[in-house]
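Below is one structure, written out as structure tokens; the observations come after it.
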Amino acid sequence: MSSDNDEIDDAKMMSCASCGIVECDEIKLKNCTNCDLVRYCGDECQENHATQHEEACKNRATELRDELLFRQPESSYLGDCPICMLPMQLDLSKATVTACCSKLFCNGCAHANYLREGEGGFKYTCPFCREVSPTTKEESDKQRMKRIEANDPVAMRQEGIDQGKNEYCSKAAELGDAKAHYRVALMYWKGCGVEKDRGKEMYHTEEATIGGHPSARCYLGCVEWNNDNTERAVKHWIIAATQGHDDSIDLLMNAFKKGMVSKEDLAAALRAHQAAVDATKSPQREAAEEYCRSLASVVGT
């Protein structure tokens, strides 16, 4: 029976859902813009069929959106350090981004490069592209603007955050930058430079989540929890926990105490969280942290 149904579905996809014309060399059908259930020979047929297709389209579009939302990302939005190739730590105070190439790399690699160049008497350069490090803010700003002119979303986002220019963050979000999406979501939540808009806030939060931003995913989980969608909330927190997100572990612990998470699921999340954290560790990163602690102690005395 399922084979017969598959054949019927295939036949439907080969013809226009409105007028029934079959696809051929001269007539190319296009998918519905919101779902993958039906196809049309043109805009007019799609408009004519809209009322009949509306409910099924909306339901399928929701399903497709959920598939994206709850897909386990390969890594966080930060990805791997482009030098040591280890996963980046979620704590951005342990990372460095340069204006010359907009690359984000771990402090371990930055510190190792600093020591190598200092001991060798070399000029200080970017650990990734080897561009000579700027010595003034003006030089750094010039490098960043050059990257912005090249449509670099990281440079745009950094400029938007540092200078409070919402238009740069919005442009970076349009280019697919997950952190920029989350920043824009906060803009619409707080009404910073824009009118508060719950719909746009949630859209950009979801886009950041799809892009691998664990804090955005954690927030979505909190929204679902407050809306009594416990199962969806827990799914979000488990996925964020597997990316090494500490707050999501705390929320899962709280949900476990309330009987909303099984002992097995919590244990699995804890193991995955620890594995994600361990994967970011290296001797070079530990050396960089020790160096930062020694500087802090000197400043504090």
Conditions (1) at pLDDT below 95; (2) in a loop (DSSP other than H, G, I, E, B); number of the one not met by Thr96: (2)
Checking the structure you have, find out if any residue of the range 205-228 is part of a loop (DSSP other than H, G, I, E, B), open to solvent by 30 Å² or more (accessible area, probe 1.4 Å) and farther than 19 Å from Leu90 by Cα. yes
Of the residues Ala268, Ala276, Ala287, which is within 26 Å of Tyr182 (Cβ to Cβ) and modelled with pLDDT of 95 or more? Ala276
Out of the residues in the range 43-76 meeting the condition of being in contact with a strand residue (DSSP E or B) (Cβ under 8 Å, 6 or more places away or on another chain) and either open to solvent by 90 Å² or more (accessible area, probe 1.4 Å) or outside any helix (DSSP H, G or I) (or both), tell me which one is farthest from Ala216 (Cα to Cα). His49
So if I check each of Gly160, Gly176, which one is touching an Asp or Glu at 6+ places or on another chain (Cβ under 9 Å), in a loop (DSSP other than H, G, I, E, B) and either exposed (fewer than 15 other Cβ atoms within 10 Å of the Cβ) or of a type outside the set (Phe, Trp, Tyr) (or both)? Gly176
Quick check: anything in the range 254-268 of a type in the set (D, E, K, R), open to solvent by less than 60 Å² (accessible area, probe 1.4 Å) and assigned to a helix (DSSP H, G or I)? no
Is it the case that Ser170 is of a type outside the set (D, E, K, R) and surrounded by fewer than 23 Cβ atoms within 10 Å (Cβ to Cβ)? yes
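The values are calculated or read from the model by the stated rules, or taken from the named source; none is laboratory data. All of these numbers come straight from a predicted model, not from anything done at the bench. We place every Cβ from the backbone using ideal geometry, glycine too, and count neighbours over all the protein chains shown. Please note that ligands, DNA and RNA were not included when accessible areas were found on the heavy atoms of the full protein model with its side chains. Shrake-Rupley method; radii C 1.70, N 1.55, O 1.52, S 1.80 Å.
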